[in-house]
Amino acid sequence: MPDVTRADHRSTSEFEFVALFASLTSLTALALSMTLPALSDIGRHFSDQEGVHRLVSVLVLGMVFGELFFGPLADARGRKTAIIVGIVIFVVGSLIALFASSLEMLLLGRLLQGFGVAGPKIGSRAAIRDRYVGAAMARAMSLIMTVLVLVPMLAPVLGEWVIGLGSWRMIFLTYVGMSLIVGFWLILRQPETLALEDRLPFSVRGTVVVACRILMNVKVLAYTLSAGLLFGAQLSYYGVAQSIFSVTYQRAELFTTFFALLAFAVGAASLINAKLVLRLGTVKLVRKALLGLVISSAALLGSALLSNGVPPLWIFLGLCAVCFFCIGILFGNLGAMAMESLGSVAGIGASIIASVSSLVAVVISDIVGNLHDTTLVPLSICFIGVGIGTLMLVENAVRRNNVDVLPYRLIKKLQ
């Protein structure tokens, strides 16, 4: 199966294409992780240590609505337009947060940031689907995921460094600068990947019909829910990580170091996956990774139950590293498998996949956050539940035949 679907997409090299869209996609990870070291400072500034944790969930909530908007826009006006509009909204949200005089105003800025960052996220996925197919797409997504999951490893460190230059407000100024840089890179160097003849006129009815067809596609839905479960496990860890290292293990000074080490496991897995997926195939790698996730998370839960909820730090770090390594293998492959049946509705498809998976992730993260009691038991149960649930969904999906989701104009002709 060819790596490139259209010859005119060769105007940028594969290296630059991957680097550009990895940078665009990493805005999401930066928006999530770079603010983590600032949560305590923001809470003290607004005298609200409890409400400040909504800065993460509100961002994801904004992404849910943004993903539903940018998918149809990417199919109707092109991938570049969706990405650029998203960057503009992200910059506006960052500026509102930068000058926020209350926590409510800051949350509004974060909501707009989440809505806007969905543009680069959805547009990038659709552009990758335009250029690559099959295992080549999984390889490209794994290379991009390598960068994407390494960003959370560095983002808290970068956040601490930026805070040291002034205050927590400098983080939002940094968001403005980074997004403008990658936005101009896109404008100047990357041609549009969606040909004019393949663009779909925007129609509310057409969007609803196609969205329903996507959700009725058993394979796509199964992989979407699987991605949501995995994202939920990752988001749950983000929400309780600072408490685990600062309160449970009393090692607050090493929070960014430990956070980076576990993120490195995901990045290493994505890089290894990019090398193996063309040789072994996505299904085989996904099955092995899910088996590894279930075993390692069960071991983590067992060690927690045998240690009054708090296993030795080295056991927690070691087993968590294995869990995140398996998650790193899964992310790129499941994303490619979910997009495989979407073809010319890749924009709407990417938005549906992202929004549904984000909703699932928010629900899981909220449950784990409410159950967190400074022990490792709730997080361990989350990991093992996610592993078993994802394994069941994937096994159901791989037994189904591929059925492509048609664009609305073809659906009308067949009716």
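Read the figures in this text as sums done on the coordinates, not as results from a lab. What you see is a predicted model, and the numbers here were worked out from it, not measured in a lab. Glycine gets a Cβ as well: all are built from the backbone with ideal geometry, and neighbour counts include every protein chain shown.
Things worth noting here:
- The alpha carbon radius of gyration of the stretch 41-106, expressed as a multiple of 2.2 N^0.38 Å, is 1.37.
- For the stretch 324-405, the Kirkwood radius over C-alpha pairs fed into Stokes-Einstein at 37 °C and 0.692 mPa s yields D = 224 µm² per second.
- Surface/4 of the Cα convex hull for the chain, nm²: 18.9 nm²
- FRET efficiency, 1/(1 + (r/R0)^6) with R0 41 Å, evaluated for E253 and E16 via beta carbons: 0.55
- Share of Cα-Cα pairs in the stretch 261-310 lying beyond 12 Å, as whole percent: 71 percent
- Placing dummy labels 7 Å off each Cα toward the beta-carbon, the span from V363 to L261 is 3.5 nm.
- Relative protection proxy for 117-126, 323-332, from highest mean packing down: 117-126, 323-332 (other beta-carbon atoms within 10 angstrom).
- Descending Cα extents along the principal axes, the stretch 261-391, whole Å: 53, 33, 23
- Remark: Y223, Y238 ranked as Y238, Y223, counting other beta-carbon atoms within 10 Å and listing the fewest first.
- When only alpha carbons of the stretch 161-278 are considered, Rg and Dmax amount to 21.0, 59 Å.
- For the pair K284 and F99, the difference between a 0.36 nm per residue extended length and the Cα-Cα distance amounts to 61.6 nm.
- In units of the rule-of-thumb radius 2.2 N^0.38 Å, the stretch 285-334 shows an alpha carbon radius of gyration of 1.20.
- Other-chain or far-sequence residues with amide H under 5 Å of L200's (modelled H): A76
- Hydrodynamic estimate: the Kirkwood radius of the stretch 163-224 over Cα pairs, inserted into Stokes-Einstein at 10 °C and 1.306 mPa s, corresponds to D of 98 µm²/s.
- Largest GNM mean-square fluctuation across V162, V386, V56, computed for the chain with C-alpha springs under 10 Å, falls on V162.
- Fluctuation leader among V322, V151, V209 - the chain, Gaussian network, Cα springs under 10 angstrom: V209
- A Cβ-based charge dipole, computed about the Cα centre of the chain with Lys and Arg at +1 and Asp and Glu at -1, lands at about 1180 debye.
- Couplings for the stretch 24-41, taken from phi via the Karplus curve 6.51 cos²θ - 1.76 cosθ + 1.60 with θ = phi - 60°, read 5, 5, 5, 4, 5, 5, 5, 4, 6, 9, 5, 7, 4, x, 8, 4, 5, 5 Hz in order; Gly and Pro are left as x.
- Using a simple spin-label model with pseudo-atoms 7 Å out from Cα toward Cβ, I315 and L196 lie 6.6 nm apart.
- What the Cα convex hull of the stretch 199-251 gives, in volume per residue, is 121 Å³.
- Residues considered: L334, L342, L278. Largest GNM mean-square fluctuation over the chain, using C-alpha springs under 10 Å, is found at L278.
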